[in-house]
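Inspection log for the structure reproduced underneath, given as structure tokens.
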Amino acid sequence: MIKPLSSKGAGGFVMGRTNSNIHAEILEITDGDPLSSYQEYKDRENFYRKEGFRRRKEVHDVPRLLYKFYGWNFDGGSGDCDRRRWFLESMTSNKLRLSSRVDFNDPYDVYPRFDHDYDLDDVRILFDKDFKEQGVVGAKRKKLTDKAVCDFVGNDSCRISELSNWIRRFNNDVGVFCLTENVREILMWSHYANSHKGFCLVFDPVWDFDFLCYLRQVDYVVDRPVVSIAKKGGFDFDQTCLQKAACWRYEREWRYISKKRAHDFVELKDGVFKAFILGMSAGIEVLDFLIEVNKKRAMAGLLEIPIFSAKMDENKFAIQFKKQMLV
């Protein structure tokens with residue numbers, strides 16, 4: 001599922017796969033663009049590739065650009081007002097607010113089923129790992145682990161249920177930021193950008209190595225993921241957090257998952273936020289909001305984020321993009 005970083009791409013200009021001509025259209029922007037030259041990008045890409053193999057065993061085939069859709073209503077709903085406020089604060093500080101699985105629109109997402117067969121040695125490993133993550137060390141950790149195992153054996157069914165609930169709570173606390181490589185998919189704009197009335201934020205991961213390293217590709221499967229309670233290797237992170245039902249395949253999703261908890265903020269380097277794309281049905285209030293974002297970014301000394309518009313193709317079921325002319 002996690003593939004090595006590819007050095008190939010359209011014209012050697014992309015890291016990993018390329019999605020569409022939107023890459024070329026966005027990369028041609030000069031105003032506020034951190035890519036001052038093709039050679040500068042190549043130097044940065046080569047550095048990250050070498051650094052990636054030095055710092056991590058796996059550096060994967062991350063697309064050159066990734067996308068996040070936003071589809072709030074601008075009619076005064078309190079929930080959407082809060083979300084717009086959080087977004088504005090994030091954009092003026094180059095931060096992302098991580099989500100929890102409980103915020104997702106798919107109840108099966110990061111919600112595996114459980115196999116309750118267990119082995120005591122594996123139970124011990126799980127409890128020891130839990131105490132280690134809490135910072136407990138030495139003889140105290142061994143004593144707590146021994147007690148936890150004894151309690152577990154003393155009431156199997158209850159303890160198995162507790163362990164299952166602990167894994168559920170762990171999954172709920174994992175901080176996730178979801179993106180897609182599929183900006184031209186009509187369904188994505190319909191489902192996640194308020195029926196094309198919202199906008200899309202374009203990400204350029206190469207400008208922040210830490211952000212790049214924690215991006216993972218979602219796998220789409222037919223069978224629901226299984227967590228084997230207290231079996232060695234039974235809690236597989238990729239299977240638990242990165243597998244979705246096959247019907248979601250059109251999303252072509254990537255996820256940023258680090259050690260941060262849900263609803264924590266992650267700070268990014270300037271340049272990761274590459275562009276805005278207005279939905280083809282977006283109203284003037286959405287454009288005004290994005291202009292306000294750029295004004296506040298300028299006040300904070302951050303790069304301007306160019307604004308594009310999505311347009312209906314005159315001949316096909318397809319989306320085209322053009323630079324938004326501001327007056």
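So that you can scan it fast, the table gives a plain yes or no per residue for (1) more than 28 Å from residue 255 (Cβ to Cβ); (2) not aromatic (Phe, Trp, Tyr):
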position: 83; (1), (2): no, yes
position: 97; (1), (2): no, yes
position: 101; (1), (2): no, yes
position: 107; (1), (2): no, yes
position: 114; (1), (2): no, no
position: 121; (1), (2): yes, yes
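For the range 285-326: of the residues being modelled with pLDDT under 90 and among the polar types (S, T, N, Q), which is farthest from the chain's Cα centre (by Cα)?
Here the residue is 324.
Taking the stated definitions as given, is residue 251 more than 22 Å from the chain's Cα centre (by Cα) and acidic (Asp, Glu)? Please lay out each step first, then the result.
Numbers: more than 22 Å from the chain's Cα centre (by Cα): no; acidic (Asp, Glu): yes.
Considered against the rule, which asks whether it is more than 22 Å from the chain's Cα centre (by Cα) and acidic (Asp, Glu), residue 251 comes out as no.
Spot the failing condition for residue 180; the list is (1) hydroxyl-bearing (Ser, Thr, Tyr); (2) free of Cβ contacts under 8 Å to residues at least 12 places away in the same chain; (3) in contact with a strand residue (DSSP E or B) (Cβ under 9 Å, 6 or more places away or on another chain), and only one is missed.
(2)
Identify all residues within the range 206-233 that are more than 22 Å from residue 100 (Cα to Cα), modelled with pLDDT under 80 and touching a strand residue (DSSP E or B) at 6+ places or on another chain (Cβ under 9 Å); write none if there are none. Walk me through how you get there before you give the answer.
The initial filter retains those residues of the range 206-233 that are more than 22 Å from residue 100 (Cα to Cα), namely 206-209, 222-223, 228-233.
Next, only the ones that are modelled with pLDDT under 80 stay: 228-233.
Answer for the range 206-233, where residues must be more than 22 Å from residue 100 (Cα to Cα), modelled with pLDDT under 80 and touching a strand residue (DSSP E or B) at 6+ places or on another chain (Cβ under 9 Å): 228, 229, 231.
Please state which one of 300, 193 is buried (at least 21 other Cβ atoms within 10 Å of the Cβ), farther than 30 Å from residue 126 by Cβ and touching a residue at least 40 places away in the same chain (Cβ under 8 Å).
193
The values are calculated or read from the model by the stated rules, or taken from the named source; none is laboratory data. Fair warning: this is a prediction, and the values are worked out from it, not measured in the lab. Every residue, glycine among them, receives a Cβ derived from its backbone with ideal geometry; neighbour counts consider all protein chains shown.
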